[in-house]
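These notes are about the structure you will find just below.
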Amino acid sequence: MLKAQRLEEQPELAVEAKNLTKRFGKFVAVDHISLEIRRGENFGLLGPNGAGKTTTIRMITGVIKPSEGCVKVFGIDVAKERKKVLKYIGYMPQKFSLYEDLTVEENIRLYGRLQGLTGSLLKNRVKELLERFYLWEFRRRLAGKLSGGMKQRLALATALVHDPTLLILDEPTAGVDPPLRRKFWEHFRELNREGKTILVTTHYMDEAENCDRLALMNRGRIIAEGTPREIKRRALGGDLVEIVFEGDLDPAALPGVKSVMEDSSERYLLVVEDAGRDLPRIVKKAEELGAKILVASPMHVSLEEAFIRFMGESE
Amino acid sequence: MIELEEGIRKGLRIVPIVDKEIRQLVRDPKTILMVLLMPITVTILFGYGYGGKGAGKYPITVVNLDGGDGAFKFIQELRNSKMFQIKAIYKSKGQGFSSVYSGEVYASLIIPETFTEDLMRGRPTRVELYYDASNPTVAQMIMQAVGVVTQQFQEWAAARFGTFAITPMFYTVYGPEIKKIESFIPTLMAMILQMVPTSLISVSICREREKGTFEQFIMTPVSVFDIIFGKLAAYFLATISDAILSLFTAILLFDVKLKGTFLDMVIVSTVFLLNSLSLGLLISVFSRNQLQAYQASIFSFIIFMLFSGVFIPVDVLSSEAKLISSFVPMYYFVSAFRNVSLKGWDYLMVLDQLTVISMFTFAFLALSLRFLRMEVT
Ligand SMILES: Nc1ncnc2c1ncn2[C@@H]1O[C@H](COP(=O)(O)OP(=O)(O)OP(=O)(O)O)[C@@H](O)[C@H]1O
Ligand SMILES: [Mg+2]
């Protein structure tokens, strides 16, 4: 079957982009961004429509040339040695780019052959992908006649045909139903476990939670980067905790509290530096001051909330 | 990662591309209709298309075996008709015959020995026209014109001498079997080999650009050259099959008898087909979408047809039009293929034309490769 990959050097970084810039005429679609994606991680690129995600991805895959800056994939310069890099990359463009007048099976086979697969290796790989993505019963259907979600399945299967080590997926789950979206992400996780690196864009924040690291783009720039937790902390300036108490107390004066976000009679949402460290201190201090703490717990912040805050700041 | 065999020969890489192109082609009812129906439609249209009129004078020679006043008067009449340009007046049939055989003129008119004598005595007489049947439009025109001149001359002679009939006799120079359908074969081949490949390849490239399929395609280790040569190979195969099929259909259905060997005809066709494909490539470079590519292909096809000598012989065109013709590869093909298929020449005898066609091919290819971008926009 498929042999394990042997890259001569084993660089830590799957993707290293420096000062990547793309101008379309006077319009700057991507503005001097730098990215480092580590080997084996699941990296999410988020941002509103027109932020420059697709343009960035196209420069990483070498489909378009950067106006400035350079990209290395597994240490190989994409501008100089694109051919060498291609076999490691599986790319799923945002727009369906397969042949609508070929069948499902013919599309996967074609890309398998173009990637150099032949004979039983090709046959088995095509069959495996058809089955894995629930396309077996549609294998003789023309790609143009598939539903949106089925097209996404086909595009993903095709991107994987040569078993690439780096997967670059531009909105892979757009138009995919929730159960299948979950399956996609389970599959991504599995690929990560196999040591594959994934760069993915999405507009679904629940999906982004599954990423190891995220970069938030707006207007061609990266406005935040880090793990989902780090991003959320940074959006608020700390962790969010909820306290409910009886008695007379000024929550702003409690230890570690950076700001009070919401108050409704006796319920407060506080931003603290570190929930784990500060929560016990708050409880202790409040009780010392004679208040009775009814609830004191860390609050879950949605990524969406963080996202919107960052967007607001960057405007 | 799958270990790729680095030894995969380059040539093999275009096989999946050729395979893909042919599948797409076969699956598209519009192109199938065009590829298969066009030759037939064109055959029918051509049947009606014989009645066209040339603008200029037809070069002919006259063989004056009579030498008398009657013959002199007849030649005068030919000149007056303004339809002929008499290139030479010979004294022997052989000279007249070879002037047609060599392609120098379209026809040779023979005035028999007894012409003047027959006239004076009021006996029925005749003139003989040996014409090049490989150019049916012209042959038709010349026969008509000779008929008209003879008619006028007969009226004049009847009034004077009481001659009651001058019959024009028509002979084809390349054997009595040459029929219209045979002489039409070069035109048919020119149409198939020009319009089909040019539009197929230019539309196919523009479709990939329009649908964004290049974005996935260029993520594979195939190069721009592989893509182009894969497409060239696929459409080459499709067109040459179409041409051979049409040729055999004509041979089987209409009992067409061609003098050229199959090999020579294929060689000449191949040279021209490569030209049409490279033109298609060039069109795709400068077209924004499929529609533009298709229109440009049809437009160039029409221009080529008009100036290739299939409707109006290039010899009778104005000098400006002649200049245009000299930049039309199809003109060289039609003349080469006519000589090969109808006169039985081998391809070496039309090497000049083939060389000119190939020069156009290289120019088109060089321009296309210079400007073709596969980058996604
Ligand atoms: N070929 C192009 N020519 C001109 N402008 C372009 C081109 N491609 C992209 N742009 C512009 O660049 C900006 C970034 O586009 P891009 O497709 O990268 O955004 P995105 O983040 O992928 O958005 P979405 O979430 O909608 O997919 C947009 O304003 C877009 O209009
Ligand atoms: Mg996008």
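Taking (1) within 16 Å of ligand 2 (Cβ to nearest atom); (2) within 14 Å of another protein chain (Cβ to nearest Cβ) in turn, A:G220 satisfies each apart from (2).
The test for being out of contact with any Ser or Thr (no Cβ under 9 Å at 6 or more places or on another chain) and in the same structural domain as A:R193 (by TED's automatic domain parsing) does not hold for A:K53. Pairs are defined by a Cβ separation below 7 Å, a sequence spacing of at least 6 or placement on different chains, a first member in region A:241-261 that is farther than 20 Å from A:R277 by Cβ, and a second member that is β-branched (V, I, T); the pairs so defined are A:V244/A:V295. Is it the case that region A:81-99 has a residue that's away from ligand 1 (no atom under 16 Å from the Cβ) and in a strand (DSSP E or B)? Yes.
Can you pull out the residues in region A:208-227 that are within 14 Å of ligand 1 (Cβ to nearest atom) and not aliphatic (A, V, I, L, M)? Once the filter is applied, which keeps residues that are within 14 Å of ligand 1 (Cβ to nearest atom) and not aliphatic (A, V, I, L, M), region A:208-227 yields A:N218, A:R219, A:G220, A:R221.
Residues in region A:154-176 that are in a loop (DSSP other than H, G, I, E, B) and among the acidic types (D, E) were compared, and the one that is farthest from ligand 2 (Cβ to nearest atom) is A:D163. Just one of (1) surrounded by 19 or more Cβ atoms within 10 Å (Cβ to Cβ); (2) within 30 Å of A:I57 (Cβ to Cβ) fails for B:N339. It is (2). Here is the figure for region B:2-46: residues that are surrounded by fewer than 16 Cβ atoms within 10 Å (Cβ to Cβ) and modelled with pLDDT under 75 total 16.
Checked against (1) in a loop (DSSP other than H, G, I, E, B); (2) farther than 24 Å from B:K211 by Cβ, B:F301 passes all but a single condition, namely (1). What about A:S297, is it in a strand (DSSP E or B), among the small types (G, A, S) and within 18 Å of A:R229 (Cα to Cα)? In short, yes. Total residues in region A:30-63 satisfying the condition of being more than 18 Å from the chain's Cα centre (by Cα) and surrounded by fewer than 19 Cβ atoms within 10 Å (Cβ to Cβ): the figure is 2.
Rundown of residues vs (1) surrounded by 15 or more Cβ atoms within 10 Å (Cβ to Cβ); (2) within 16 Å of ligand 1 (Cβ to nearest atom); (3) within 9 Å of another protein chain (Cβ to nearest Cβ), yes/no style:
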{"position": "A:V104", "(1), (2), (3)": "yes, no, no"}
{"position": "A:L114", "(1), (2), (3)": "yes, no, yes"}
{"position": "A:G119", "(1), (2), (3)": "no, no, no"}
{"position": "A:K123", "(1), (2), (3)": "no, no, no"}
{"position": "A:E131", "(1), (2), (3)": "no, no, no"}
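On the stretch given as region A:63-76, residues that are within 14 Å of chain B (Cβ to nearest Cβ) and part of a strand (DSSP E or B) total 2. Screening the candidates A:A143, A:A155, A:A159 for the property of being more than 30 Å from A:L13 (Cβ to Cβ), within 14 Å of another protein chain (Cβ to nearest Cβ), modelled with pLDDT of 95 or more and buried (at least 18 other Cβ atoms within 10 Å of the Cβ) yields one hit, A:A143. Only residues that are assigned to a loop (DSSP other than H, G, I, E, B) and touching a strand residue (DSSP E or B) at 6+ places or on another chain (Cβ under 8 Å) were counted across region B:109-123, and they come to 2.
Scanning region A:27-62 for residues that are more than 11 Å from ligand 1 (Cβ to nearest atom) and within 14 Å of chain B (Cβ to nearest Cβ) returns A:R39, A:I60, A:T61, A:G62. Of all the listed residues (A:E190, A:E186, A:E242, A:E230), the sole one being of a type in the set (D, E) and either assigned to a strand (DSSP E or B) or within 16 Å of ligand 2 (Cβ to nearest atom) (or both) is A:E242.
The values are calculated or read from the model by the stated rules, or taken from the named source; none is laboratory data. All values reported here derive from a predicted model rather than from experimental measurement. Neighbour counts run over all protein chains shown; Cβ positions are idealised from the backbone, glycine included.
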